[in-house]
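Trainee: Structure provided below as structure tokens; questions to follow.
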Amino acid sequence: MKQLYFKVEDAYEKERLDKYLAEQCADMSRSYIQKLLKEGHVLVNGTAGKSSTRLTASDEISFDVPDAAVPEILPEDIPLDIVYEDQDVILVNKPKGMVVHPAAGHYSGTLVNGLMYHCAGSLSGINGVMRPGIVHRIDKDTSGLLIACKNDGAHQAIAAQLKEHSVTRRYLAIVHGQMKEEQGVIHAPVGRNPRDRMKMAVVASGGKDAVTHYQVVKQWEKYALVQCRLETGRTHQIRVHMAHCRHPLAGDYVYGPDPCPVKLMGVTWEGQALHAGVFGFVHPTTSRYMEFQAPPPDYFAALMERMK
């Protein structure tokens, strides 16, 4: 059981209680916050508060958060596109639409379920039972290369490289519009969108440093094929940075104008047109630099061909 306590500051005078909690408790979903409120668990000055309760400076908010039950995560015989594997690491070309690790609403069919079956228990345990072997992630609708670790030593070594920004990560993206510059660097902090906590955004304060290098590979009339190299790896970084520059990714219904699914030039797909095509790292045992490539998926290749 976790106990939470907040004292409302002047800046939140007359703020709705549900909106205030959504901002203060970014790790909780809005639906869960609403559930706590409806069940009377959230107290404002000792009295059960409602979603619409308007706050006053110095109000005291308190409530208990029950410990979440950890679901059993089972190995599943899921076909994996394995690019490289040894006793320390495994590099997988993740398909579009596959979730990397179990989370609410996705406890099966994830990459982790497949890795647990394929690796037969030989996965690092640093990130717990929900994310065995996982040292970094890519979005559900982003395809491409992802490395997993089979032991804690390899996990620590790869995590250190990610922290130092020495890992090579290059992505291909199809974006809206005519690019003014053939190449450039987007250096803008990324954090929770203050108006929608379910999204990320370039923020003025409170965000994490984020750097994306981009180069135009091909420019068409209304779209461009862009290669992006990550210097940092923030949540939704490429999607947020390109949207911030008014070049959202094709198919990105969260940060762009496209519906879901989207149909373009006879090609139909769901989610952002983004592919993690290159991954390079120093092997944790041999200390040798290794770099791998994965071709874009069929829908992506079809888009590039038809845009010619």
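Trainee: Out of all the residues in the stretch 271-295, which are open to solvent by less than 40 Å² (accessible area, probe 1.4 Å), closer than 30 Å to His176 by Cα and either of a type in the set (Lys, Arg) or in contact with a strand residue (DSSP E or B) (Cβ under 6 Å, 6 or more places away or on another chain) (or both)?
Mentor: Within the stretch 271-295, Gln272, Ala273, Leu274, His275, Ala276, Gly277, Val278, Phe279, Gly280, Phe292, Ala294 qualify.
Trainee: Here is a list of conditions, (1) touching a residue at least 60 places away in the same chain (Cβ under 8 Å); (2) outside any strand (DSSP E or B); (3) out of contact with any helix residue (DSSP H, G or I) (no Cβ under 9 Å at 6 or more places or on another chain), and Val83 meets all of them except one; can you say which number that is?
Mentor: Among (1) touching a residue at least 60 places away in the same chain (Cβ under 8 Å); (2) outside any strand (DSSP E or B); (3) out of contact with any helix residue (DSSP H, G or I) (no Cβ under 9 Å at 6 or more places or on another chain), the lone unmet condition for Val83 is (2).
Trainee: Another question, then. Keeping to the stretch 37-74, report how many residues are closer than 16 Å to Glu15 by Cα, not basic (Lys, Arg) and not in a loop (DSSP other than H, G, I, E, B).
Mentor: 5
Trainee: What are the residues in the stretch 206-246 that are closer than 22 Å to His165 by Cα, open to solvent by 50 Å² or more (accessible area, probe 1.4 Å) and free of Cβ contacts under 8 Å to residues at least 60 places away in the same chain, if any?
Mentor: Gly206, Lys208, Asp209, Gln215, Gln227, Arg234, Thr235
Trainee: Turning to a different aspect of this structure: Which residue pairs have Cβ atoms closer than 6 Å, lie 6 or more positions apart in sequence or on different chains, and pair a first residue in the stretch 256-280 that is farther than 30 Å from Phe292 by Cα and among the aliphatic types (A, V, I, L, M) with a second residue that is at pLDDT below 95 and surrounded by fewer than 23 Cβ atoms within 10 Å (Cβ to Cβ)?
Mentor: Between residues of the stretch 256-280 that are farther than 30 Å from Phe292 by Cα and among the aliphatic types (A, V, I, L, M) and residues that are at pLDDT below 95 and surrounded by fewer than 23 Cβ atoms within 10 Å (Cβ to Cβ), the close pairs are Met265/Arg306.
Trainee: Kindly indicate the residue of the stretch 23-42 that is under 20 Å from Ala103 (Cα atoms) and polar (S, T, N, Q) and also most open to solvent (accessible area, probe 1.4 Å) among those meeting that condition.
Mentor: Restricting to residues being under 20 Å from Ala103 (Cα atoms) and polar (S, T, N, Q), the top hit is Ser31.
Trainee: If you don't mind, another one. For the stretch 273-305, how many residues are in a loop (DSSP other than H, G, I, E, B) and either out of contact with any Phe, Trp or Tyr (no Cβ under 7 Å at 6 or more places or on another chain) or more than 23 Å from Gln237 (Cβ to Cβ) (or both)?
Mentor: 10
Trainee: Within the stretch 1-22, work out how many residues are surrounded by fewer than 13 Cβ atoms within 10 Å (Cβ to Cβ) and touching a residue at least 60 places away in the same chain (Cβ under 8 Å).
Mentor: Qualifying residue count for the region: 3.
Trainee: For Arg197, are the conditions met, namely being of a type in the set (Lys, Arg) and touching a strand residue (DSSP E or B) at 6+ places or on another chain (Cβ under 8 Å)?
Mentor: Judged against the criteria, Arg197 is not a match.
Trainee: Report those strands (runs of 3 or more DSSP E) wholly inside the stretch 103-195 carrying at least 3 residues which are open to solvent by 20 Å² or more (accessible area, probe 1.4 Å) and among the acidic types (Asp, Glu).
Mentor: Counting at least 3 such residues, we get no strands (runs of 3 or more DSSP E) at all.
Trainee: Next question. List the strands (runs of 3 or more DSSP E) inside the stretch 223-272, counting only whole elements, that have at least 1 residues being over 26 Å from Asp209 (Cβ atoms), β-branched (Val, Ile, Thr) and within 13 Å of the chain's Cα centre (by Cα).
Mentor: none
Trainee: Is the stretch 43-52 home to any residue that is of a type in the set (Val, Ile, Thr), loosely packed, with under 15 Cβ neighbours inside 10 Å and either without any contact (Cβ under 8 Å) to a residue 60 or more places away in the chain or in contact with a helix residue (DSSP H, G or I) (Cβ under 6 Å, 6 or more places away or on another chain) (or both)?
Mentor: yes
Trainee: Then there is this: All but one of (1) over 19 Å from Leu274 (Cβ atoms); (2) assigned to a strand (DSSP E or B); (3) not β-branched (Val, Ile, Thr) hold for Asn93, so report the exception by its number.
Mentor: (1)
The values are calculated or read from the model by the stated rules, or taken from the named source; none is laboratory data. A quick note: this is a predicted structure, and the numbers were derived from the prediction, not measured. Neighbour counts are summed over all protein chains in view; Cβ atoms, including those assigned to glycine, are modelled from backbone coordinates with ideal geometry. Ligands, DNA and RNA are stripped out before the accessible areas are found, and what is left, the full protein with its side chains, is counted by its heavy atoms. Shrake-Rupley method; radii C 1.70, N 1.55, O 1.52, S 1.80 Å.
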